[in-house]
Amino acid sequence: MQKTTLLHEGKAKKVFLTEESDLVIQEFKDDATAFNNKKKGTIADKGVVNNAISCKLFTLLEAHGVKTHLVEKLSERDMLCRRLDIIKVEVVVRNIAAGSLVKRYGFTEGTVLDVPIVEFYLKNDDLDDPLMNESHAVALGVATYEELSVLRKQAEAINLVLREFFAQRKLKLVDFKLEFGRHHDKILLGDEISPDTCRFWDLDTNEKMDKDRFRFDLGGVEDAYSEVQRRVLELD
Ligand code: UDP
């Protein structure tokens with residue numbers, strides 16, 4: 001399958017149309033941004049690593065009955081996907097308190113949550129992706145109550161699969177962000193699942209092994225990403 005025109009360029013990926021109207025190619029870049037574009041940089045080979053990890057995790061999720069946009073991994077940086085009408089809602093699932101949950105609500109970082117927290121954020125950079133509830137999303141016209149209920153259930157189911165998978169690889173899945181899209185009459189999981197969109201802590205040492213190393217200049221960013229890749233891909 002060949003790329004034709006560039007449909008969209010985001011912070012970490014380009015999306016291309018193909019000769020098939022129903023299919024797009026996601027090209028993973030090395031560009032990294034944080035704090036809504038205020039911090040910019042590159043992480044060497046991040047695109048290759050995130051494509052490999054995402055393809056593996058989407059395949060795992062498909063095997064557990066989760067419908068995703070993945071068709072196949074085309075090359076090191078390219079993922080062939082079904083074309084989605086992206087729902088402008090970012091779904092965050094949290095197992096352990098970190099990041100904005102700590103800032104906003106005063107949780108102590110590292111507190112294990114008795115029940116995972118599911119949050120919805122409006123996908124809108126101009127507004128800094130504000131946290132919202134179902135009523136806001138419906139009022140804004142970004143999703144229906146029925147769709148939001150599907151997103152929540154899918155996110156909870158995905159969390160159970162991923163938490164188990166990462167625990168076997170000695171990684172704690174602290175939190176992660178998902179995006180979904182409409183495809184004909186179905187809702188499919190889209191975007192990516194990678195150290196850019198998840199927080200992973202080493203099970204034994206609690207060492208951060210994700211984009212927080214870039215966000216907070218902790219060093220060892222590339223090493224952390226490739227170690228996550230190794231645990232995801234080599235420990236089968
Ligand atoms: N996240 C993301 N994209 C965003 C915002 C958050 O992938 O635009 C991920 C982030 O990497 C983390 C989880 O969602 O794994 C929760 O992020 P949080 O709300 O704590 O915000 P942050 O501290 O990352 O600003």
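Read-outs: derived from the displayed coordinates by stated rules, not from any lab. Owing to the predicted nature of the structure, the values given are computational and were not obtained by experimental measurement. Cβ coordinates were reconstructed from backbone atoms using ideal geometry, including for glycine residues, and neighbour counts include every protein chain displayed.
Values for this structure:
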{"quantity": "Mean projection area, nm², convex hull over Cα of segment 1-55", "calculated": "4.4 nm²"}
{"quantity": "Calculated P(r) tail over 17 Å for segment 67-164, as whole % of Cα pairs", "calculated": "62 percent"}
{"quantity": "Cβ-placed point charges (K, R +1; D, E -1), dipole of segment 100-229 about Cα centre in debye, nearest 20", "calculated": "280 debye"}
{"quantity": "Under Karplus coefficients 6.51, -1.76 and 1.60, residue-wise ³J(HN,Hα) of segment 191-203 in Hz, glycine/proline x", "calculated": "6, 8, 10, 7, x, 6, 10, 10, 9, 10, 10, 4, 4"}
{"quantity": "Estimated distance in nm for a label pair at LEU113 and LYS39, the labels positioned 7 Å out from Cα along Cα-to-Cβ", "calculated": "2.2 nm"}
{"quantity": "Cα centre as origin, Lys/Arg/Asp/Glu Cβ charges: segment 1-112 dipole, Debye", "calculated": "580 debye"}
{"quantity": "Exposure rule at most 12 other beta-carbon atoms within 10 Å, DSSP loop chymotrypsin sites (Phe, Trp or Tyr not before Pro): the chain longest free segment", "calculated": "36-215"}
{"quantity": "Simple label model, 7 Å out from Cα along Cβ direction - SER75 to LEU131, nm", "calculated": "4.3 nm"}
{"quantity": "GLN2-LYS170 FRET efficiency (beta carbon distance; Förster radius 41 Å; 0.05 resolution)", "calculated": "0.55"}
{"quantity": "Selection from GLY65, GLY99, SER54, by position along the positive dipole direction of segment 21-145 (Cβ)", "calculated": "GLY99"}
{"quantity": "Residue of LEU127, LEU17, LEU61 that the Gaussian network model of the chain assigns the largest fluctuation, springs spanning Cα pairs under 10 Å", "calculated": "LEU127"}
{"quantity": "³J(HN,Hα) computed for each position of segment 220-231 - Karplus, 6.51 cos²θ - 1.76 cosθ + 1.60, integer Hz, glycine/proline x", "calculated": "x, 5, 4, 4, 5, 4, 6, 5, 4, 4, 4, 5"}
{"quantity": "Over segment 101-236, volume per residue of the alpha carbon convex hull, in Å³", "calculated": "146 Å³"}
{"quantity": "The chain: Cα Rg divided by the 2.2 N^0.38 Å rule of thumb", "calculated": "0.97"}
{"quantity": "Cα-centred dipole magnitude for the chain, charges only on beta-carbon of K, R (+1) and D, E (-1), debye, nearest 20", "calculated": "240 debye"}
{"quantity": "Model label zone, LEU203; criterion: amide N under 18 Å from point 7 Å along Cα-to-beta-carbon; scope segment 217-236", "calculated": "227-236"}
{"quantity": "Over segment 14-99, equivalent-ellipsoid semi-axes from the Cα gyration tensor in Å", "calculated": "23, 19, 14"}
{"quantity": "Between segment 70-122 and segment 199-236, the alpha-carbon center distance in angstrom", "calculated": "16 Å"}
{"quantity": "Other-chain or far-sequence residues with amide H under 5 Å of LEU23's (modelled H)", "calculated": "THR18, ARG83"}
{"quantity": "Cα-derived Rg over Rh, computed across segment 125-175 with Rh taken as Kirkwood radius", "calculated": "1.13"}
{"quantity": "Where Cα atoms sit under 21 Å apart: lysine pairs in segment 68-203 separated by 8 or more or lying on different chains", "calculated": "13"}
{"quantity": "J(HN,Hα) series, segment 82-94, from Karplus relation 6.51 cos²θ - 1.76 cosθ + 1.60, nearest Hz, glycine and proline x", "calculated": "6, 6, 10, 8, 5, 7, 7, 10, 9, 9, 10, 10, 10"}
{"quantity": "Most mobile of VAL91, VAL102, VAL71 in a GNM of the chain (Cα contacts under 10 Å)", "calculated": "VAL102"}
{"quantity": "Among VAL66, VAL89, VAL150, residue whose mean-square fluctuation peaks in a GNM of the chain (springs only between Cα atoms under 10 Å)", "calculated": "VAL150"}
